[in-house]
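*Asks:* The following block contains the structure, expressed as structure tokens.
The values are calculated or read from the model by the stated rules, or taken from the named source; none is laboratory data. The structure displayed is predicted, hence computed values, not measured ones.
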């Protein structure tokens with residue numbers, strides 16, 4: 001019961017299959033696409049942060065927790 005089945009003996013493992021794949025370096029255009037995507041993501045994150053702070057300002061805690069003046 002602990003042995004391998006005859007079907008599994010002929011199959012290679014995932015590690016063996018990955019080791020058989022030759023190394024392929026990135027092409028220059030692929031490197032430019034990766035760098036461009038990262039730069040675009042950082043810029044858009046900055047735009048989103050700026051837009052959020054301008055459109056939805058956060059009041060300081062002291063102003064929000066100020067008690068109402070007494071009624072006369």
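*Asks:* Please specify each residue of the stretch 1-14 satisfying the condition of being at pLDDT below 90 and part of a helix (DSSP H, G or I).
*Replies:* Across the stretch 1-14, the qualifying residues are 6, 7, 8, 9.
*Asks:* Here's another thing I want to ask about it. Check the stretch 26-39 and report whether any residue there is assigned to a loop (DSSP other than H, G, I, E, B) and at pLDDT 90 or above.
*Replies:* yes
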